[in-house]
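The values are calculated or read from the model by the stated rules, or taken from the named source; none is laboratory data. All figures in this text were calculated on a predicted structure; none of them were measured in a lab. In this analysis, Cβ positions are derived from the backbone assuming ideal geometry, glycine residues included, and neighbour counts consider all displayed protein chains. Each accessible area value is taken on the protein alone, full model and side chains, heavy atoms only, with ligands, DNA and RNA left out. Shrake-Rupley method; radii C 1.70, N 1.55, O 1.52, S 1.80 Å.
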Amino acid sequence: MQRDEARAGGSRLRCGRFLLELSRPRIMGVVNVTPDSFSDGGRCFDPAAAIAHAWRLIEEGADLLDVGGESTRPGAPPVGEDEELRRVAPLLRALRDAPVPVSIDTMKPGVMRAALGEGVAMVNDINALRAPGALETLAGSGAGVCLMHMQGEPRTMQTSPRYADVVSEVRGFLAQRAAAALAAGIGSERIAIDPGIGFGKTVEHNLALLRGIGALAALGYPVLIGASRKATLGQITGRGPQERVHASVAAAVMAAERGAALLRVHDVAATRDALAVWLAIRGTAQ
Ligand code: HH2
């Protein structure tokens, strides 16, 4: 399958009042309001720092923002609903009139409901709306949704991930979850899918999934890829999380080349520049 056919599989994403046009890959900037995220180690735990960081990412060219209040790094302790909400609420309020869609990164239907009440345009669920009440919560909104694949759960998912054929198993899971979302009344234009780089996967599994983006895009939904600063890049380069910018940019460009429509990244400016060059070489800069 050609790259552009793959991306055309899901050429737009409806996120509340926003309609993201996906003829070029869109950059989702990450803001983690956590003390323990692997990538930034608590840099945005203070609400004022989180708000400043979010606006900086918008200035740098983020097409959407992903706000999270619970780290999902392997082994991370779970956070209660009240605490997760307490962390993200000031930022969501400050971003209510942001010029780009704001996504909430959560597995909890209660947090989804509260965040939708604060005006978020998208729900990014690493659990693919499997929690009781999650599908219904989304169905009753106009928000976009990202359905992600994860084997196991964050605390233990890296213990011994196993697949017979990682691409077809992940693809089958995402097809099933998209069907469940459609059956619940979530329109296809609101759905994005994500193979979940690093969520119950070895380096080889992650690389196979990055090579297999075209097979995932063939399901007909925009594919989101979050490889930014992840351990797989550390294992390839030997570098720590905050020194993985170059590796992350390389992964983002390769994912774009293979048909990813949305790139979830920590380093927005670097990714934007790299994609601008990639688009210019392809002859489709805009
Ligand atoms: N990765 C992380 C969190 N949420 N959501 C989607 N859809 N895809 C991903 O790959 C993904 C995600 C983990 O990264 P990060 O938020 O930087 O770290 P932490 O979970 O430690 O806060």
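Of note:
- Scanning region 237-253 for residues that are aliphatic (A, V, I, L, M), within 15 Å of the ligand (Cβ to nearest atom) and either under 20 Å from Leu64 (Cα atoms) or open to solvent by less than 10 Å² (accessible area, probe 1.4 Å) (or both) gives Val245, Ala251, Ala252.
- Selection from region 104-115 of residues that are farther than 10 Å from Asp125 by Cα and within 14 Å of the ligand (Cβ to nearest atom): Val111
- Of all residues in region 70-101 being of a type in the set (Val, Ile, Thr) and open to solvent by 10 Å² or more (accessible area, probe 1.4 Å), the one that is nearest to the chain's Cα centre (by Cα): Thr72
- Of the residues making up region 215-231, those that are away from the ligand (no atom under 13 Å from the Cβ), open to solvent by 20 Å² or more (accessible area, probe 1.4 Å) and either among the small types (Gly, Ala, Ser) or not in a loop (DSSP other than H, G, I, E, B) (or both) are Ala215, Ala218, Gly220.
- Residue in region 118-132 that is part of a helix (DSSP H, G or I), surrounded by fewer than 22 Cβ atoms within 10 Å (Cβ to Cβ) and at pLDDT 95 or above present: no
- For region 179-201, the tally of residues that are open to solvent by less than 10 Å² (accessible area, probe 1.4 Å), in contact with a Leu (Cβ under 6 Å, 6 or more places away or on another chain) and more than 12 Å from the ligand (Cβ to nearest atom) stands at 1.
- Residues satisfying the stated conditions in region 154-177, i.e. open to solvent by 70 Å² or more (accessible area, probe 1.4 Å) and modelled with pLDDT of 95 or more: Ala164, Asp165, Glu169, Arg171, Gln176
- For region 133-153, a tally of residues being modelled with pLDDT of 95 or more and of a type in the set (Asp, Glu) returns 1.
- Looking only at residues of region 134-153 that are assigned to a loop (DSSP other than H, G, I, E, B) and surrounded by fewer than 22 Cβ atoms within 10 Å (Cβ to Cβ), we find that the one that is farthest from the ligand (Cβ to nearest atom) is Gly140.
- Pair list, Cβ under 6 Å, 6 or more apart: region 261-281 residue under 19 Å from Leu224 (Cβ atoms) and outside any helix (DSSP H, G or I), other residue within 16 Å of the ligand (Cβ to nearest atom) and at pLDDT below 95: His266/Ser39
- Condition check for Gly234: of a type in the set (Gly, Ala, Ser), over 20 Å from Val67 (Cβ atoms) and surrounded by fewer than 21 Cβ atoms within 10 Å (Cβ to Cβ): yes
- Note on region 3-99: enclosed helices (runs of 4 or more DSSP H) holding 1 or more residues that are in contact (Cβ under 8 Å) with a residue 60 or more places away in the chain and within 16 Å of the ligand (Cβ to nearest atom) are 47-60, 81-94.
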